[in-house]
Amino acid sequence: MKVNGKNDPLHAPVSLSDYLTRQGFNSGRIAVERNGEIVPRSAYETTMLSDADTLEIVHFVGGG
């Protein structure tokens, strides 16, 4: 799988929610694009990732 332009091989399918948790992401402060399409936060639990996927994960940053 490719994540933010870098290879991150998956050895077995995993839900997007589980992947984000394992990688230490706070799902409340990110947006995820999978294979060119935004994944709604409500679908993180049911979206299954495979090694063929491409993810872009964007962090929201607060500030003034």
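The values are calculated or read from the model by the stated rules, or taken from the named source; none is laboratory data. Every value quoted in this text rests on a predicted model; they were computed, and no experiment measured them. Quick note on the areas: whole protein, heavy atoms, side chains included, nothing else; ligands and nucleic acids left out. Shrake-Rupley method; radii C 1.70, N 1.55, O 1.52, S 1.80 Å.
Conditions (1) open to solvent by 30 Å² or more (accessible area, probe 1.4 Å); (2) modelled with pLDDT of 95 or more, marked per residue:
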| site | (1), (2) |
| --- | --- |
| K2 | yes, yes |
| S15 | no, yes |
| D18 | yes, yes |
| G24 | yes, no |
| V32 | no, yes |
| E37 | yes, yes |
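Can you pull out every residue in the stretch 39-64 that is open to solvent by less than 70 Å² (accessible area, probe 1.4 Å), at pLDDT 95 or above and not β-branched (V, I, T)? Listed by number, the residues that qualify are A43, Y44, L49, S50, D53, L55.
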